[in-house]
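Data first, discussion second: the structure below is written as structure tokens.
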Amino acid sequence: MSGRGGAALPRLMLWSGLIFLYAPMVILVVYSFNESRLVTVWGGFSTRWYRALVEDQQMMNAAWRSLQIAFFSATAATLLGTLAGIVMARWGRFRGRTLFSGLITAPLVMPDVIIGLSLLLLFVSLSRWIGWPETRGMLTIWIAHVTFCSAYVAVVISSRLRDFDRSLEEAAMDLGADRLRTFLWVTLPLIAPALIAGWLLAFTLSLDDLVIASFVSGPASTTLPMQVFSSVRLGVTPKINALATLLIALVGIAVLLAGWVLHREQQRARVARSASGD
């Protein structure tokens, strides 16, 4: 009896946590198809708010702008974060390592207000001294997002490389491959799941950012979180629910694709290990 009770408690905690996390999202999706203008009163099934969202050019422009910034920010952050992660995991001890690691991980614990304000002062000072940037816009938002997203990618990549089996690299170099080819053909494919995870994390952080973008954006570069925040200050409308539902669908598709790629890579790695064992 005690065994059944001990097994039921973790299961109950698991389902309670899942319901707590995902029940609000389910309610949001359901009420995005609400006919009523009031978000808490069900007035029947309708897709009118999706049509209203598509016709809202300002909201759609902000969404497209945020997707562009998030894509390029995640790509640049993955490149820089991978280099930083390699240095943290592979270069051993060198002069300035502690300072380097501290600077890389500082954005992880630093408040967004501090990061946004410091970047704003940086851009204003550069504009005064060298005339660049002339105005704040998508470029300054992109630089700001790459700055703090790279730290998250670096942590993910360095953690993966610390657990990496280096005998595979040594075997490749024993067979005549140089360091560059070993990295491109052995190391990079094996850490591909970490690269995908880092890219998705950076994409999500960039798409979700409100505070930092508010400091470094200009009047013609409003991002989607900024647009939504300014809209809900006057009250939440079902149109915001429709937008959130589309974002949930987008993120869900991206997660499913990433899971499919990771599953294929794991299967390929298992086949390679079994073949080498034979």
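Quick notes on this structure:
- Inter-probe distance in nm under a simple model that places probes 7 Å from Cα toward Cβ, at Ser167 and Gln267: 2.7 nm
- Backbone phi angles across region 130-137, fed through the Karplus curve with coefficients 6.51, -1.76 and 1.60 (θ = phi - 60°), yield HN-Hα couplings of 10, x, 10, x, 5, 9, 8, x Hz in residue order; Gly and Pro are listed as x.
- Residue with peak Gaussian network fluctuation, the chain [Cα springs, cutoff 10 Å], from Ile19, Ile157, Ile212: Ile19
- Radius of gyration and Dmax over the Cα atoms of region 132-278, both given in Å: 20.9, 67
- J(HN,Hα) series, region 103-120, from Karplus relation 6.51 cos²θ - 1.76 cosθ + 1.60, nearest Hz, glycine and proline x: 5, 5, 8, 4, x, 5, 10, 7, x, 4, 5, 5, 5, x, 5, 5, 5, 4
- Overall form of the chain: oblate. Here a/c, set by the Cα gyration tensor axes a ≥ b ≥ c, is 1.5 or more, and a/b is not larger than b/c.
- Annotation for Trp91 and Asn61: the two label points, set 7 Å from Cα along the Cα-Cβ direction, are 4.3 nm apart.
- Counting neighbouring beta carbons within 10 Å and listing from fewest to most, the residues Glu169, Glu134, Glu55, Glu35 come out as Glu134, Glu55, Glu35, Glu169.
- Cβ crowding within 10 Å, taken as a proxy for footprinting-reagent exposure, orders Asp208, Asp163 from fewest neighbours to most as Asp163, Asp208.
- Burial ranking of peptide ranges 120-129, 57-66 (average Cβ count within 10 Å, highest at the top): 57-66, 120-129
- Which of Met226, Met173 has the fewest Cβ neighbours within 10 Å, and the rest in rising order: Met173, Met226
- Region 17-86 and region 96-157: distance between their alpha carbon centers, rounded to Å: 26 Å
- FRET efficiency estimate (nearest 0.05) - Cβ-Cβ, Ser230 to Ala258, R0 25 angstrom: 0.20
- Extension gain, Leu184 back to Trp129 (0.36 nm per residue minus Cα-Cα distance, nm): 15.7 nm
- The amide H of Asn34, built 1.01 Å from its N in the peptide plane, has Ser46 as neighbours under 5 Å, considering only residues 5 or more places off or on other chains.
Read the figures in this text as sums done on the coordinates, not as results from a lab. Quick caveat, the model's predicted, so the values are computed rather than measured. Here Cβ is always computed from backbone atoms with ideal geometry, including for glycine, and neighbour counts include all displayed protein chains.
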